[in-house]
Each structure stands twice: as structure tokens, then as C-alpha cells.
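Working notes, beginning with the structure itself.
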């Protein structure tokens, strides 16, 4: 994403609005921070009501890609990506109905690694931790890069400083607060961007100088053109990636584990899936309506901000910028917090179990460490994007099969866990990097098949370590 | 489709925003109450 944005000069009232946003965040972070134990840092007191699970999930899901990026797609391809990406909210709803309640049942688990350890042992927990933390560093880096690039375009400050300011300020908000402060600030950010962006869309529709029938015809023409120039395997790849790529990622799974009940977890996930459909529709239509307002030479990546600049009065435009910062910060908060928790519980603890006090210190330190690493990694674009795509396609083929197996009590041995992860991961890498997704078959699908094969092969490698434990589903 | 995404969806989002903001206030007040109770006990 490249922002030209030559017209984003800010007024005093814009700066006032942005400052007000940051002061509100700090106040909320202060009011909700209280972590005497590592469990409180990781899961609060497992007391999140359904609405907070919903707001936190939705704020995490709606990152820069699902806002600025989606308006760009609406501008260039009409409703095409809206239809293709419906697989994402569908996945969230399915997770809410079938997986989140089972996770919420596990009151003694803090991370996905803990769930894996319960069924397959420490090796699988450690592998889950490595994949989780690696993936979350990549996500944090890419979001920091997008936010930093925007800040650079607005202020002209050095790029590295802008990356550091975006990711660093999120880390400072997150590192002592733990999950409760993260969820509270995410809910605030959700409330902010769910007011400003819908108002912008309503304004765009109201002030639209072109007849609605003409806008509609343009939208369908762009959609049809998008479908015609994209090959069927590419379309399938997008649908599959959005369906499986982020299923039960650590930040989402943590919200299920932190929910006050199975029903809260399930309701929160289903509402978040429904809201994602609403959100994708409205940022997509903003891109379509942009054709009526913006000059034809406008860079598609600038459509979102350019619409804000052309339609919103001074001060409210500052609020829109604050809302975009909120979109980025809320997603980064979740990845930083769950990354730190996974580092302590799934990487450090299996090797050297820390005391309660040391675990909290490690959690705080890991938040800052992951942020620092993300700022460093963000500099190496575009290779980071390639790296992120690999990580993205690795999640489902490594974690999903053993995780579902653990949640549903499939017959397994400890080897089922680690073999499923290793086979799924290595086959995905070979299919994606060496064979460049041969015949257009998505690496995620091939990797999932390998992961499933690894899971069942594992049954024959070693007898179950405890028949009683392995035959019974988790509580 | 245009009417749904440009009018119905923004209204739904605004309702969600107000509802979540209300829930956030309740959530923060509850945490504050818990903290005060714990301080009194200590």
C-alpha cells in the first residue's frame, strides 16, 4: 500500500481531535490495568461478557486491510472482494458456533499451546508457541508499516521514526495493561470507527451528485470486470485463504479463553462475524461512491482518506484519522498481547517454568520485545509481505487439525500433534515456495491434507501416553 | 445492493457502536468496583 496523500494537511481542530483520542485511550488503559497474576495479564479474570468479546474481536479483525485496503478494492473492483471475502465472516461465525464454546470450557488454559499440551504434550505446545509468536510478529510488523507509512505521508517525519511511533505507542498501551486494558481500549476504538466511517458513507451517499442507478451500474460493471480478469484458481485461492488463513489465530482464541462463559464466547464470535459483513459492505461501497467525488487520476490506495478530506469538515477529518489510527492500534494491541502471552506460556514455560512474578515481568518484556522486533522487521518491505503471506498460509495447515482434534477429542497420540504440525508446515512451504502453488491449487488446502495425514499417521508411531486422557474429550 | 450497503449497513454499525460504548462503560465501572472492594479488603 502506497499513500500519495498530498492533500492531507491538518488543521488545529484535527490535531485536537487526534489528541483527544490518545488521552481517552490512556485514561481507559489506566482505569482498567490491574494484573497481580500472569493469568490476569493473559485472560483478565475470564470474565469478558459477550459484547466485550464481540467488540474486541471485531476491532482486531478490522485492521488496515479490511478498511483502507477494502475501500481501494471497492474503487477498483466494485463488489468483487466483498463477495469473495464473505468467507472470512463465515469462518468467524462457524468458529463461534463450533470451536469458541469448546475453548471457553477450558478454564485452566491460557493459550492455544496450553490446549495442545493438554492433549499432545510439551513438544506440540512449544511448536505451537513458535508458530504463534512468529506469525504475530509478522502481523504486528505489517500493521505498523502501514500505519507508519501513513504517518510519514501526513507529517513527513523519517519513515523508521514513524514505524517506531505507531508500534511503540501501541506497545506502551499494552505492556502493563494486559488483556482487560486491551479489550477496553479495543471497545473504545470500535465505538469510534463504527461512528465515523458509517457517517462518512452516509454523507457520501447523501451528497452523491450522480443518480443512484448510475452508481449501481458502475459498481456491477467493475464487479463483472473483476470476475472476468481473475482466473478461477485465483478466485478459489482468495476464498480459501480468507476462510482458513486466520481461523482461531491466537488473538481470537484468547478472547474465547477469556470469555465469562461458553455462551459469551459463542455469541461474541457470531456477532463479530455478522458485524464484519456489515463493515466490509460499507467500506467497499465507500470506494464505489468515491468515483462520484474524486478526480480520475486518484490513486486507489488514497480513496479512503481522500473521501474523508473531501466530505468531512475540519476537526471531524481529524476524528477520521484518529479512527484509522484506532483501526491499526486495536489490531496491533491484540497481536502484541497474545504474542507476549504465547511467548511466556508456550516457548519459555515448557523449557523453564517461570515463577508468577517472573512470568508477569517476562510478559511485559515480551510485549516490548515483539514490538521492537516488529519495528525492525517492518523496514524490510516488500520481502516482509512475502514472509507474511507464507506465515499466513502456514497457520491453518499447522495448527488447525491438531487443535480441532484436541477440542473434539479425536483419538490421538502425542506424535499426532507434532507430526501434524511438521508435516502440514513443510508440505505447505514446499507447495508454496518450490512449486509456486502447482496447478493453481492453494497451498493451504494441500498443507491441510498433509496435516490431517500427519495426525492420523501419528497414531501408529507411539502408543497413547495415557489412554484415559486421550480417549476422553477435553472437558 | 447499493441501498443496503450505503444506508442499512451504516445504520447497523452506528447502533452497534452505541451499544458497545454502553457496554464499555459498564465494563469499566465493574472493574473499578472490583478494585475498590479489593482495596477495602486489603
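Condition check ((1) touching a strand residue (DSSP E or B) at 6+ places or on another chain (Cβ under 9 Å); (2) modelled with pLDDT of 90 or more; (3) farther than 18 Å from residue A:198 by Cα; (4) in a helix (DSSP H, G or I)) across all residues:
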position	(1), (2), (3), (4)
A:281	no, yes, no, yes
A:287	no, yes, no, yes
A:307	no, yes, no, yes
A:319	no, no, no, yes
A:322	no, no, no, yes
A:325	no, no, no, yes
A:334	no, no, yes, yes
A:340	no, yes, yes, yes
Tell me whether the range A:64-71 contains one or more residues that are modelled with pLDDT of 80 or more, within 14 Å of another protein chain (Cβ to nearest Cβ) and assigned to a helix (DSSP H, G or I). yes
Taking the range B:5-35, which residues are more than 7 Å from chain A (Cβ to nearest Cβ) and farther than 25 Å from residue A:53 by Cβ? none
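Here is a yes/no grid of residues against (1) at pLDDT 90 or above; (2) more than 17 Å from residue A:179 (Cα to Cα):
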position	(1), (2)
B:2	no, yes
B:8	yes, yes
B:11	yes, yes
B:15	yes, yes
B:18	yes, yes
B:31	no, no
B:34	no, no
B:39	no, yes
Kindly check whether there is at least one residue in the range A:251-268 that is within 21 Å of residue A:85 (Cα to Cα), within 14 Å of chain B (Cβ to nearest Cβ), touching a residue at least 40 places away in the same chain (Cβ under 8 Å) and crowded, with 19+ Cβ neighbours inside 10 Å. yes
Lone qualifier among A:203, A:172 - being within 14 Å of chain B (Cβ to nearest Cβ) and surrounded by fewer than 24 Cβ atoms within 10 Å (Cβ to Cβ): A:203
Filtered residue count, the range A:425-455, keeping only those that are outside any helix (DSSP H, G or I), over 24 Å from the mean Cα position of the chain (by Cα) and buried (at least 20 other Cβ atoms within 10 Å of the Cβ): 0
Just the residues that are at pLDDT 85 or above and surrounded by fewer than 19 Cβ atoms within 10 Å (Cβ to Cβ), please, taken from the range A:370-381. A:372, A:373, A:376
Among (1) touching a residue at least 60 places away in the same chain (Cβ under 8 Å); (2) farther than 18 Å from residue A:263 by Cβ; (3) within 14 Å of chain B (Cβ to nearest Cβ), where does residue A:27 come up short? (1)
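Residue-wise test of (1) in contact (Cβ under 8 Å) with a residue 40 or more places away in the chain; (2) on the phi < 0 side of the Ramachandran plot; (3) assigned by TED's automatic domain parsing to the domain that holds residue A:61; (4) surrounded by fewer than 23 Cβ atoms within 10 Å (Cβ to Cβ).
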residue: A:127; (1), (2), (3), (4): yes, yes, no, no
residue: A:134; (1), (2), (3), (4): yes, yes, no, yes
residue: A:151; (1), (2), (3), (4): no, yes, yes, yes
residue: A:183; (1), (2), (3), (4): yes, yes, yes, no
If I ask for residues that are surrounded by fewer than 17 Cβ atoms within 10 Å (Cβ to Cβ) and assigned to a helix (DSSP H, G or I), which ones from the range A:95-117 would you list? A:97, A:98
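The values are calculated or read from the model by the stated rules, or taken from the named source; none is laboratory data. None of these values were measured; they are calculated from a predicted model. Positions of Cβ are generated from backbone atoms using ideal geometry, with glycine treated the same way; all protein chains shown enter the neighbour counts.
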